Each structure stands twice: as C-alpha cells, then as structure tokens.
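To start, the structure under review is shown below, and the notes come after it.
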C-alpha cells in the first residue's frame with residue numbers, strides 16, 4: 001500500500017482515502033493521517049464486507065470530484081496522469097486501466113472498440129470464452145455521480161455488479177491500455193513473482209537493482225555465496241557458508257546461521273534462520289524464528305512471530321498463521337490457523353509416512369523401534385516385514401535394532417505383499433510392522449493381533465514414548481528370527497480352507513500389474529489351482545483400455561489390473577469396467593453370500609450411493625466408520641476373516657468362485673444404468 005501511496009503522490013494526488021475491513025487497525029496505525037508520507041489520509045472502515053464498489057460508496061463523503069481507485073494488493077508504475085488525461089478527453093464516466101496479459105483466464109477481461117469505449121466484460125473466463133487479452137487491473141478513474149448507481153450498505157462489486165449495470169444503461173466507459181508494469185500480488189505466487197520482476201525489469205519501484213543491494217551495518221562472512229542479484233537489508237548478520245540464490249530478498253535485522261541455503265526466498269524484518277536450513281521460493285514474515293535444519297518449500301508462508309523448531313518441514317503452499325510454535329520433526333503440509341502450538345504427530349492416515357532420509361531417517365526408525373518394543377508386552381511375538389526394496393530394508397533394519405534394545409521378540413519376513421502380511425499376523429502373531437516404499441516415500445504400518453491397523457489409543461501411547469523417550473530397557477537381546485515356514489504356504493493353506501478350489505479350475509483370466517512380485521504370485525496361484533491365465537508385467541496410462549481389448553479378443557472370463565501393493569484392482573468383465581465404489585459394493589455383496597451373513601458391510605461414505613444399492617440388493621446394510629481400521633474391525637466381528645476390499649488376491653478368487661453370480665449382478669447394474677439414461 002505504501003507503494004500505491006507513493007505512486008499517487010508522484011502524479012500529484014495528495015488526498016487519499018482507504019477502505020478497510022480486515023484488521024483495519026494495522027493499516028491505520030501504519031499510515032496514521034498520512035503526514036509522514038507527505039499526503040493527507042482518511043480511513044473508512046466497513047463493519048461488514050461491502051464488496052469492491054460498496055466499500056468505495058462507503059467513502060462517499062470524501063469523493064466530491066473525479067477520483068482514482070487503486071487496489072491495495074497491486075504493484076504498478078502506471079502513468080496515472082496520462083490515464084486521467086485520456087479520461088477527461090473522452091468525457092468518460094469510468095475509465096479502466098487495462099493491461100495485456102498472456103493468460104487472460106486469471107483475470108477479468110475487457111473488449112473495447114477502436115475509440116477505446118468498453119463494449120463487453122467477462123470475469124475470469126475459461127479459454128473457450130476468451131475474447132480479449134486485455135485484463136482489468138483494478139485501477140479506475142471515476143466521476144463522483146457514478147456512486148449513485150451503487151446501493152448503500154449492501155455488498156456491491158465493480159466487475160460483477162456496477163460495470164455491467166453501467167454498460168446496460170449505455171453510460172460512457174472507456175479502457176486505457178497501459179504500457180508499464182502491473183502485477184496483482186493477491187496470491188503468494190504472484191507476490192514472489194513481483195519480487196523477481198523488480199530485479200529483472202528495473203524501474204518498477206524506487207529501487208535501483210541493476211546489481212545486488214546490501215544495506216548499511218551488515219556483518220556478512222566472506223564465505224557467503226551470492227548466486228546472482230539479491231537484496232539484503234540493513235543490520236543483517238549472515239554467517240559462514242550461507243548460499244543466497246538469485247532474486248532472494250532479506251529484510252532489515254535478519255540473522256542467518258551457517259550452512260543455510262536460500263533460493264528466491266523472501267525473509268521479512270527481524271527474522272532468525274538457524275543452521276543448515278533450506279528456504280526455496282517461500283515467504284518468512286517478520287520476527288519469525290526458524291531453528292536448525294528447517295525446510296520451507298515453494299509458495300509456503302510462515303507468518304509473523306512463529307517458532308519452528310529443529311527439522312520442521314513446511315511443504316509447498318502450506319501456510320502457518322502468526323504466533324505458532326511448531327515442534328521438532330513436524331511436517332506441515334496443510335494450513336495452520338488456530339491454536340498456539342502444533343504438536344508433532346508421528347502417525348498420519350494408515351501409519352507413518354515421509355520421505356526417505358528426510359522425515360523417515362534410520363535414526364527416526366530406531367527411535368520408533370524403541371517405542372514399539374516398549375509399548376507391546378515383552379513376550380509379544382512381533383512380525384516385521386518389508387516389500388524387498390533397498391530403502392524399505394534400511395528402515396526395517398533400523399526398526400528391528402530399536403525393538404531389540406527393549407528385549408522384544410521379533411520375527412522377520414521379506415518380499416511378501418501387504419495383504420498376505422496382514423493374514424500371517426492375524427493367524428500366527430501378536431503384532432506386525434510392515435515397511436514399504438513408493439518412489440522416495442516410506443510408509444510404515446503397524447498392526448494388532450488381528451492384522452488390523454492399531455487404534456488411536458495405541459498410536460498415542462507410541463507417540464508419547466517417542467516424545468518422552470521413556471523406553472523399556474533389557475539386558476536380554478533376542479536375535480531376529482526368520483520365518484521357518486514359507487509365508488506363501490501359510491497363505492495358500494488359508495485360501496484352501498476358505499475357497500472351493502474346484503470352482504477355480506479352468507477359469508480363464510488376464511492379470512496385469514506393474515509389480516513383478518504380483519505377477520510371480522499369480523503364476524504360483526494359477527498353477528496351483530489350475531487357472532488358465534495370461535500374466536502381463538508392466539503398466540501405462542493406457543493399460544485399462546489395453547486390458548479391455550485383450551479380454552474382448554481372447555474371451556477371458558475376466559481381466560484384472562492390480563496395484564503395486566496388491567490391495568486394490570480394476571476388473572474388466574465383458575465390456576464392463578468395474579472399480580472404486582461399484583467394486584466395493586460387489587465385494588461386500590459377495591462376502592455376505594460367501595460367509596452366509598444377514599447384512600452387507602460398507603463404510604459410511606457409501607450412504608451417498610444408497611439409492612443405487614437399494615435398487616440392486618434387498619439386504620440390511622451395516623455402515624462402519626470410514627477409516628480402514630473401523631471397516632476391518634466390523635468385518636472380523638461378523639466372522640469374516642478376510643479384508644477383501646484391501647486384498648486384490650483373495651478378492652479375485654472370490655469373484656472367480658462366484659463367477660455366475662457376479663455376471664448376473666453386472667448385468668443387473670448395466671440394465672439399471674441403461675434405464676436411468
């Protein structure tokens with residue numbers, strides 16, 4: 001806003017009014033009566049939001065001659081004098097300053113005739129609706145009688161309400177195409193871009209940034225690396241081996257400890273940045289403290305007077321409102337508005353997740369192992385496994401080490417998919433820990449004796465141990481035992497006590513998965529149960545259509561595309577593709593028939609599909625909570641010892657066992673959908 005005041009003053013406008021609604025005291029305390037800026041200022045506060053035009057009408061007593069409207073969140077060097085001259089020459093009642101933009105869909109656009117008279121408006125069009133690349137900058141020259149078109153005390157917008165009304169009544173409105181710089185900095189991306197533009201373009205504000213600018217009384221180590229043009233304010237202290245990337249802006253009185261890297265970061269006055277931090281394309285507001293090894297990513301914002309303790313990560317586009325304390329090792333991936341303290345949560349949805357060697361390090365995993373070994377009974381048999389990837393193996397070994405220190409009894413299996421791991425825990429062990437990798441991301445899931453993800457109460461106990469380090473110690477260290485029996489044989493024995501394998505014989509299927517372990521597993525299953533199968537390893541964005549084509553050409557009973565974890569799948573049967581909610585409902589119906597239950601079990605979010613379900617089945621429905629544990633617990637309580645919706649393998653066998661019923665249900669669904677159309 002100060003730049004806007006300077007712009008007005010530069011063009012001979014010394015009487016300025018502000019329209020305020022959100023935190024008006026901050027603006028009023030900063031500008032006061034305007035005298036320290038060489039202007040006269042009055043402030044008009046709305047008791048409720050009145051919109052862009054309504055707020056100006058609220059200042060009607062101040063506006064008794066031709067006036068200029070500027071947005072407080074715009075940066076520009078527009079030639080207001082030339083615009084006012086154009087306005088007077090055209091005898092315009094409203095003149096809008098226009099700017100050519102490359103992406104008009106982000107702005108309100110305007111169409112003018114050869115004389116500059118406005119003929120059409122459109123607010124934030126889609127590409128198919130774009131008829132101009134001239135954007136409304138939110139800078140207007142207006143005659144005071146126009147205020148009579150704005151209703152008193154009601155929300156009223158310039159673009160949506162006033163301008164269309166004036167256009168319909170043929171009131172003279174003109175557009176003046178500006179040549180200078182303009183940027184709406186109402187979002188973080190544009191705010192950061194404006195800083196870069198000031199460096200690159202020059203002449204936008206009253207700064208000469210042809211080269212780096214270093215303020216007075218700074219103490220900067222000789223080993224600091226400046227990687228291009230930067231701005232450093234006065235009285236800053238920057239220690240050894242700090243790297244400051246191009247277009248970085250550092251305010252007054254900032255201290256940066258050694259080893260920190262800044263890249264296109266904007267750090268406001270009085271902030272402290274600890275050792276070995278990484279700030280990329282982010283904004284750190286006044287007087288915030290970032291301790292050591294803090295990472296703040298692209299378009300993230302840390303508000304005023306925040307304290308981020310060691311190893312905090314603020315992920316891209318996350319925002320932390322002012323005056324919060326964020327505990328060590330916390331990952332912030334959503335906006336933090338309320339409260340004064342953000343407590344570290346080890347657990348997220350379905351266990352613990354984080355990037356390998358960043359959030360989930362071997363040190364973290366050892367500490368987690370300490371916590372797990374301490375929370376379970378010392379005689380509990382804990383099965384630990386992983387998906388046989390290198391990163392998972394590193395984390396699994398660290399967890400094992402942490403558990404061993406507490407005297408826990410561990411058993412290890414490797415390279416089996418998660419659904420099979422669940423059943424082995426359910427049938428033979430007291431708890432389980434499974435580590436898997438996707439790209440650079442690690443997920444650790446912890447299971448109770450039923451193979452179900454542990455409940456919130458046990459998660460909290462583990463978190464408390466993790467934070468307080470009140471671990472059990474033992475003088476007896478047990479070796480980690482390898483499974484004596486083959487985990488696959490354990491699983492096959494379970495399948496053979498559940499399914500009529502004779503009904504699987506000679507079924508013809510096609511299996512597609514990008515995971516070679518899934519393909520290998522199905523090779524064994526099909527050989528064992530005499531299923532005729534085509535097994536294809538690999539995947540692409542076109543794989544569903546490819547699978548559909550194969551099923552139609554080769555007359556398979558069904559085709560299945562299975563995910564990398566072996567939990568979820570898509571089914572192709574005839575010309576029908578079944579997945580998501582429809583597949584879940586099909587499996588719930590089959591498990592009811594298979595286990596002779598009197599009700600279907602579905603998560604609560606299926607209530608929105610109830611009209612469709614009731615048309616297909618005439619059975620009571622038991623709704624569970626939406627979390628995986630709540631669903632699985634209800635399934636076990638009804639004497640179903642499979643989690644079909646989270647086990648692609650047993651689900652496919654269930655479908656093949658009940659193939660005629662499945663085909664009949666799919667035909668009913670197709671007829672129902674055809675009737676709706």
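Just a few scattered comments:
- The mean sequence distance of close C-alpha pairs (under 8 Å, at least 6 residues apart), as a share of the length of the chain, puts its relative contact order at 6 percent.
- Tilt relative to the chain, helix 80-89 - C-alpha long axis, 0 to 90 degrees, to 10: 70
- Over the chain, the hull volume per residue, using the convex hull of the C-alpha atoms, is 215 Å³.
- Based on Cα atoms of region 117-265, Rg over Rh with Rh as the Kirkwood radius reads 1.17.
- Mean shadow area of region 442-601, taken as a quarter of the surface of its Cα convex hull (nm²): 13.9
- When the convex hull of its Cα atoms is viewed from all sides, region 184-264 shows a mean projected area of 5.3 nm².
- Inter-part distance, region 20-81 to region 497-536, computed on C-alpha centroids, equals 72 Å.
- Each of 658, 213 was scored by other Cβ atoms within 10 Å of its Cβ. Listed from fewest to most, they are 213, 658.
- Computed over region 352-487, the Cα gyration tensor eigenvalues convert (square root of 5λ each) into semi-axes of 19, 18, 14 Å, ordered from largest to smallest.
- Extents of region 188-342, largest first, come to 42, 32, 20 Å (Cα atoms, principal axes, whole angstrom).
- Using the Cβ-Cβ distance between residue 73 and residue 32 with R0 = 22 Å, the FRET efficiency computed as 1/(1 + (r/R0)^6) comes to roughly 0.55.
- Each eigenvalue of the Cα gyration tensor of region 2-184, multiplied by 5 and square-rooted, gives one semi-axis; in descending order these are 26, 18, 17 Å.
- Estimated FRET transfer efficiency when R0 is 25 angstrom, pair residue 40-residue 234 (beta carbons, to 0.05): 0.25
- Spacing of the two label points (7 Å from each Cα toward its C-beta) at residue 661 and residue 9, in nm: 8.2
- Inter-centroid distance (Cα atoms) of region 362-424 relative to region 232-302, Å: 39
- Look at the alpha carbon pairs under 8 Å that are at least 6 residues apart: their mean separation over the length of region 352-487 gives a relative contact order of 32 percent.
- Separation in nanometres of the label points that stand 7 Å from Cα toward Cβ, at residue 460 and residue 212: 5.2
- Here's the picture: a label point sits 7 Å out from the Cα of residue 305 along the beta-carbon direction, and within region 241-277 the residues with their amide nitrogen under 19 Å of it are 252-255, 268-273.
- Sites residue 520 and residue 563, calculated FRET efficiency, Cβ-Cβ separation with R0 22 Å, nearest 0.05: 0.90
- Kirkwood Rh in Å, taken over region 499-676 so that all alpha-carbon pairs contribute: 16.8
- Helix 543-554 axis, angle to the chain major axis (alpha carbon atoms, nearest 10°): 40
- Translational diffusion of region 1-57, µm² s⁻¹ [Kirkwood Rh, Cα pairs; Stokes-Einstein; 10 °C; 1.306 mPa s]: 134
Each value in this text was obtained by applying a stated rule to the coordinates, not by laboratory testing. On a predicted model such as this, the values are computed, not experimentally measured, just so you know. All Cβ positions, glycine included, derive from the backbone under ideal geometry; neighbour counts span all protein chains shown.
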